[in-house]
Structures are given as C-alpha cells and as structure tokens.
Amino acid sequence: MNPPARSVLAVAAALLVTADACGQGMVLPKFERIELDNGTVILLHEKHDVPLIGVEVIIRGGASSDPEGLAGLSGLLAGLLEKGAGDRGAAEFAETVAAVGGELVANGELEAITISGEFLADDADLMVELLADMLRRPALDAAEMDKLRKRLINFIRAAKDSRLGALVPIYGNAFLFGDHPYGNPASGSEESLGKIKHRDLLGYYRDYIGADRLIIAVAGDFDSAAMKKNLTSAFGDWHKAAAVLIDVDAPVPQTGRRVLLVDKPGATQTYFWIASVGVAIDYPQRAELDIANTVFGGWFTSMLNTELRIKSGLTYGARSILTRSSQPGSVAIYSYTKTDSTVAAIDMALGVLSDLRASGIDSEMIQSAKNYILGQFPPRLETASQLAGILTQLEHMNLDVSYIDDYGAAVADADDEIITTVINDVYPALDDLVFVLLGDAELIREAITKYGPVTEISITTPRFRP
C-alpha cells in the first residue's frame, strides 16, 4: 500500500540515458559492478551534470519471505528502518535527513525491502553513514514498532471505509495465489499485523537481513573510487543473513472459475477484479506483451476503457494490469460500476477479453501503441534516482542490460503475428478466471453465481484471504 517514493528534487536532472541512433529506444550508461566477499553487490554510475546523488538499496526477501501467519512483517521492519538508527532516535534521524534536504524512504515490497534516497553531492558521506546505520544498526524500538503497527492497521481500516479500490487487488492476489508467497499482502492485514510480536521482528532481522541479500546502486555526482571505498568500509565486514532465502516457486496456473465476494453493506458501487496467473518479469516477448496490454487496457482509448466508459458509461475507468515478478504474477482486469450494473459491466469486460483473444489487434492500433510506449519509456529513466532503481532491479531479477537497451527496438520491430500469439499465450481463456467483487452482497450475491462458485467474506473480516 506504500509505493516506492521518488523525490521531486531531481526534476532538473539531465538525461542519464542516451537515445539510440534511430530514436527507437534508450541505452543504459556504463556502470561499475563490484561484488564484495560477503555477497554485497555495489553498482555505481558517475555523472556530474547536476550536484545530486540518487541511491537505491534492495534487501532480497520482502513479503514473499514473511513467515506463515505474519504477513506484513517485512513491511513493518522496513518502516522501522526510518525510526531511529545508530546513535539517532526516530526524531533525530528524520531531522538529520531533512536538515540537508535529503530523502530516505524504506518500503516493504513483494520480493524485497527497498530504500530509496536522494542527497546533494556534498552530503555523500552522510548518505552512506545513514544507510549503514539503517541496515546494520537499526533501533527497532519496541515502542516505535507498536506505534507503526497500530498506524498500519488503522490505514487498512480507513481504506475499508473510503479507499475500497485500493484493497481490491490485495483481496485479489490473496484469493488467486492462496498459500503461495505471492498471496501475502506486503502491507499485512489487521489480523497478521496484530499477531506480530517484537521478538518476531528481531528474529526476522537476524535471519533475513544481511550482506548477502544487499544490493546498493548509486548514480549521480560523486567520485567512483571514493564511493566504492566508502561503501566497502561501511558494508564490507557485515555478516551474512542467518537463514537461507528460499527461492519462490512458480504459482500453479488458474484452472476453472472461482469467485470471491467481499461484502460491504450499503456500498453503492461494486469494484471488480478479474484475473488469472500471467507471466514473469523475464517473459521473452515483453515488448509484444506491452503493446497488447496498452491496447487492451493500458491507456485512455484502450479496448476496455472505450467499451466500459466511453461508449457505455458503465464506469469512470477500466484497465488491465500485468504484475510481473521473478515468477509469474497476475494478469487482471480492474474496474468498478454502480451496484445495479455489476453484471452488465462484468459481462462487457469479459466480452472485450473474448474479442481480444478471438480477433487480436489491428495494425493501426498496434502502431499507435508502439508510438505511445516509445514516447513514455525515456522519461522514466531521466534522473539519478530512477537510474539507480533500474540498476537494482536488473541485478535483483538477474536481468541483462539488454532488458533496457534492446527494449525500444523490440517495441518498434514487434510483429503483428507474434503479438497475436502473445495475446493467446498470456491473456486467460474465459473458463480459467478468478473474480473478486467488493460491494453490497445482498444486492449482487445471487446474480454473480453465474461466474462460478462463490466464496463470501465480510469486509470487517480482519484478513484478506478467506
């Protein structure tokens, strides 16, 4: 529920990647990769256009490594990394970062704990000191943990009142993946957060946080030799994590239909999420899939939005979402509608999915999507912080630089027939779907039985998984 933060301080930063000769893509700048004896990986790109440094830190693990019944533990730990470290208490740590106009934000994500930061070049030494304190000497204070846990629980409860749309994918992934690690909500649930004891937090830190899980990428205005020395001094003698990080297995593909109904009495709208298991981040036809998803549900004039919003007025928006991790994530349709048009909107969404699989996409729409993607891709790589984030992602997911360097050309050269093949490979058949609906069960319960066997829970249930 807490997306990775990105600072606005770097708006003036010059492009850190260069366009290729045909203008069809971007090429990552050269960077240095150092692996320390303890397994820590350091990635450095030195560029002196503006006096800023972006840093991205990944600790492998995240929600997918949370112990059974304690979903949200890694996310809780991530939040506590900002609440005091080294000789600084929570307030002093925050004031130290703010006093120099810096930023350090930690988040718990599905397969990692991340720390995103940005500092002025003159504060490079302080940046490394603070990172080392956060990771090696966090306070992990019991009182701060209790405050943060209560705050996270209150966020979930507040969302159940006023931000229902944000909860639907959480319910969805929990239902789709079940006991698989991808079903763990990174934010935890009211129930799982309430179970976490301080000793659980300390145990997780001891077992799963260590040098062999650490990736640090630094990009911007610094001296590489000095930065390498500083980071090696800060982390080179750090111990490895005590426990083995178990690899996540591929989830079982969805077969047949299942329906989860989350009852919110009095709701005037139904939020729905229709999904199946998709593909992983290293899917070979990534460019073709991105083109297909853009046309299907990735922009305002997409097939889904055109039918459900522009033509019919059944919703204010409909989209398709691809979640790609080290193993296949979800491929989903997401929208919402008035309670009395729930079935009409879902049927229309299914009709659009059927048309996509049966008829594919015409050449004109494919070319339009290519132009859109090529126009959107470069701005995502223009700041030091963004580049540091890309470098850590490539390292974490074991991806080659060609994942970025060849992407533009792959989009431009994507073949219509291959796109059609990808559509039928990735987007699910109508018989193999999970439906998650959040709305007034009394008004829609009977009608939605047409979509499959229904499991029902109340929105007041303190967990996301039935």
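The values are calculated or read from the model by the stated rules, or taken from the named source; none is laboratory data. Quick caveat, the model's predicted, so the values are computed rather than measured. Counting neighbours? That spans all protein chains shown, and the Cβs are built from the backbone with ideal geometry, glycine included.
Regarding the range 97-117, can at least one residue be identified that is at pLDDT 95 or above, closer than 28 Å to residue 153 by Cα and more than 23 Å from the chain's Cα centre (by Cα)? It would help to see each step written out before you state the result.
First pass over the range 97-117, keeping only residues at pLDDT 95 or above: 97-117.
Checking which are closer than 28 Å to residue 153 by Cα leaves us with 97-98, 103-117.
From what is left, the residues that are more than 23 Å from the chain's Cα centre (by Cα) are 97-98.
Yes, the range 97-117 contains at least one residue that is at pLDDT 95 or above, closer than 28 Å to residue 153 by Cα and more than 23 Å from the chain's Cα centre (by Cα).
Among the residues of the range 204-217, which ones are touching a Leu at 6+ places or on another chain (Cβ under 9 Å) and part of a helix (DSSP H, G or I)?
204, 205, 208, 211, 212, 213
Residues are listed down the side, and each one gets a yes or a no for (1) among the charged types (D, E, K, R); (2) part of a helix (DSSP H, G or I); (3) closer than 30 Å to residue 443 by Cα:
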{"residue": "225", "(1), (2), (3)": "no, yes, no"}
{"residue": "244", "(1), (2), (3)": "no, no, no"}
{"residue": "272", "(1), (2), (3)": "no, no, yes"}
{"residue": "275", "(1), (2), (3)": "no, no, yes"}
{"residue": "315", "(1), (2), (3)": "no, no, yes"}
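Considering the range 153-168 alone, what residues qualify as being surrounded by fewer than 18 Cβ atoms within 10 Å (Cβ to Cβ) and without any contact (Cβ under 8 Å) to a residue 60 or more places away in the chain?
Of everything in the range 153-168, those that are surrounded by fewer than 18 Cβ atoms within 10 Å (Cβ to Cβ) and without any contact (Cβ under 8 Å) to a residue 60 or more places away in the chain turn out to be 154, 157, 158, 161, 162, 163.
Determine, yes or no, whether residue 135 is under 19 Å from residue 69 (Cα atoms), of a type outside the set (Lys, Arg), at pLDDT 95 or above and in a helix (DSSP H, G or I).
Values: under 19 Å from residue 69 (Cα atoms): no; of a type outside the set (Lys, Arg): yes; at pLDDT 95 or above: yes; in a helix (DSSP H, G or I): yes.
Answer is no for this residue.
Please go through the range 87-132 and give me each residue that is in contact with a Phe, Trp or Tyr (Cβ under 8 Å, 6 or more places away or on another chain) and either among the hydrophobic types (A, V, I, L, M, F, W, C) or farther than 19 Å from residue 386 by Cα (or both), ordered by number.
100, 110, 121, 124, 126, 127, 130, 132, listed by residue number.
Please state which of the following conditions residue 310 fails to meet, knowing it meets all the rest: (1) closer than 29 Å to residue 414 by Cα; (2) in contact (Cβ under 8 Å) with a residue 24 or more places away in the chain; (3) among the β-branched types (Val, Ile, Thr); (4) outside any strand (DSSP E or B).
(2)
Only one of 196, 215, 274 is assigned by TED's automatic domain parsing to the domain that holds residue 419 and out of contact with any Pro (no Cβ under 8 Å at 6 or more places or on another chain); which? Give the steps one after another, and end with the answer.
Values: 196 fails: assigned by TED's automatic domain parsing to the domain that holds residue 419; 215 fails: assigned by TED's automatic domain parsing to the domain that holds residue 419.
Selected residue: 274, the only one of 196, 215, 274 that is assigned by TED's automatic domain parsing to the domain that holds residue 419 and out of contact with any Pro (no Cβ under 8 Å at 6 or more places or on another chain).
Given (1) surrounded by fewer than 17 Cβ atoms within 10 Å (Cβ to Cβ); (2) touching a residue at least 60 places away in the same chain (Cβ under 8 Å), identify the lone condition not met by residue 126.
So the condition that residue 126 fails would be (2).
Matching residues to (1) among the small types (Gly, Ala, Ser); (2) loosely packed, with under 14 Cβ neighbours inside 10 Å; (3) assigned to a loop (DSSP other than H, G, I, E, B):
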{"position": "356", "(1), (2), (3)": "no, no, no"}
{"position": "365", "(1), (2), (3)": "no, no, no"}
{"position": "373", "(1), (2), (3)": "no, no, no"}
{"position": "411", "(1), (2), (3)": "no, no, no"}
{"position": "420", "(1), (2), (3)": "no, no, no"}
{"position": "428", "(1), (2), (3)": "no, no, yes"}
{"position": "431", "(1), (2), (3)": "no, yes, yes"}
{"position": "435", "(1), (2), (3)": "no, no, no"}
{"position": "460", "(1), (2), (3)": "no, yes, yes"}
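Mind telling me which of the residues 134, 127 ends up being in the same structural domain as residue 81 (by TED's automatic domain parsing) and more than 13 Å from residue 59 (Cα to Cα)?
Numbers: 134 fails: more than 13 Å from residue 59 (Cα to Cα).
Exactly one of 134, 127 is in the same structural domain as residue 81 (by TED's automatic domain parsing) and more than 13 Å from residue 59 (Cα to Cα), namely 127.
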